[in-house]
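This report concerns only the one structure given below.
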Amino acid sequence: MKKNSCSKPILIAHRGESYDAPENTIAAINLAWLKNADGVEIDVHLTKDNEIVVIHDSTTKRTSGISMVVKSRTLEELKTVDAGSFKGEKWSGERIPTLREVLQTIPPEKFISIEIKGGIEIIDALKTVLETSSLNNSQIKLIGFDLKIMSLLKKSFLEYEVFWCKRINREKIILTQHGWDRVIAIAKKNNFDGLNLSYSSCLTKKVVEKIKTNSLKLYVWTVNDPRRADKLIMYGVDGIMSDRTGWLRSKLNS
């Protein structure tokens, strides 16, 4: 693969190094640091007893085989679930971590993107957790799909970067020129720091330049193909989320 003249890309481990390890677990996150990821992306939900746990789905069924609705269970109950065995016997016994536990893994000069799941009830608990963290403000980024919640988060957490997520292939409106203008206008109106977009072939150099010229950062998920990643880097995206950051970086550097 040819090198390009763009700066070194920021590679973010999607739910941790989730290609090899069980997603959203301490094992996957620590593996991301070993693979030299620049950052990790995780998903968070609020429990019945107002603890913030790291899990993508609203239930534990897919990653444990046991169906618990996260918001209806306590942290103690959720900690009984094996969140690793679905990825292989070697990961047996991995537990659903809390956000507090994950924040303690972040090395200096690395960062975490926290995708907010659920409703606005998570905001107060999130404030408590982040205020007691030892991380620098630049090491914490907040991302999410719900416009109302992300707008409230930006007003509540001025010190952190906030990215609005959009799933391109499911939102046909933003595949048009008018659609992109509308998305950018909404992001600017809400003082978001950037957009976090799903990968799509419609994400052209022209679109990336339009986003960047409006002083918005741009992260793209989930990119596991080196050719796609190389093209996005040449377009000028700020960060790429991947399930296998270590492998992807080695291919980009080859």
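Quick rundown of the values:
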| read-out | value |
| --- | --- |
| Residue check for ASN224: touching a Lys or Arg at 6+ places or on another chain (Cβ under 9 Å), farther than 22 Å from VAL44 by Cα and touching a residue at least 60 places away in the same chain (Cβ under 8 Å) | yes |
| Number of the condition not met by LEU218 [criteria: (1) modelled with pLDDT of 95 or more; (2) surrounded by fewer than 16 Cβ atoms within 10 Å (Cβ to Cβ)] | (2) |
| Counted residues, region 234-254 - those being hydrophobic (A, V, I, L, M, F, W, C) and buried (at least 22 other Cβ atoms within 10 Å of the Cβ) | 4 |
| Odd one out for MET68, checked against (1) in contact with a Pro (Cβ under 9 Å, 6 or more places away or on another chain); (2) closer than 11 Å to ILE96 by Cβ; (3) of a type in the set (A, V, I, L, M, F, W, C) | (1) |
| Pair list, Cβ < 7 Å and 6+ apart or interchain, from region 1-30 residues that are modelled with pLDDT under 70 to residues that are of a type in the set (Lys, Arg) | MET1/LYS251 |
| Residues that are of a type in the set (Val, Ile, Thr) and surrounded by 20 or more Cβ atoms within 10 Å (Cβ to Cβ), drawn from region 99-121 | VAL102, ILE106, ILE112, ILE114, ILE116 |
| Residues that are among the basic types (Lys, Arg), touching a residue at least 24 places away in the same chain (Cβ under 8 Å) and in contact with a helix residue (DSSP H, G or I) (Cβ under 9 Å, 6 or more places away or on another chain), drawn from region 158-189 | LYS166 |
| Condition broken by SER198, with the remaining ones in (1) surrounded by fewer than 16 Cβ atoms within 10 Å (Cβ to Cβ); (2) among the hydroxyl-bearing types (Ser, Thr, Tyr); (3) modelled with pLDDT of 95 or more satisfied | (1) |
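Rundown of residues vs (1) closer than 26 Å to PRO9 by Cα; (2) at pLDDT below 95; (3) within 17 Å of the chain's Cα centre (by Cα); (4) not basic (Lys, Arg), yes/no style:
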residue	(1), (2), (3), (4)
ASP38	yes, no, yes, yes
ASP43	yes, no, yes, yes
THR47	no, no, no, yes
ASN50	no, no, no, yes
ILE55	no, no, yes, yes
LYS61	no, no, no, no
SER72	no, no, no, yes
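The values are calculated or read from the model by the stated rules, or taken from the named source; none is laboratory data. Since the structure is predicted, the reported quantities are computational estimates derived from the model, not experimental observations. As a convention, Cβ positions derive from the backbone with ideal geometry for all residues, glycine included, and neighbour counts pool all protein chains shown.
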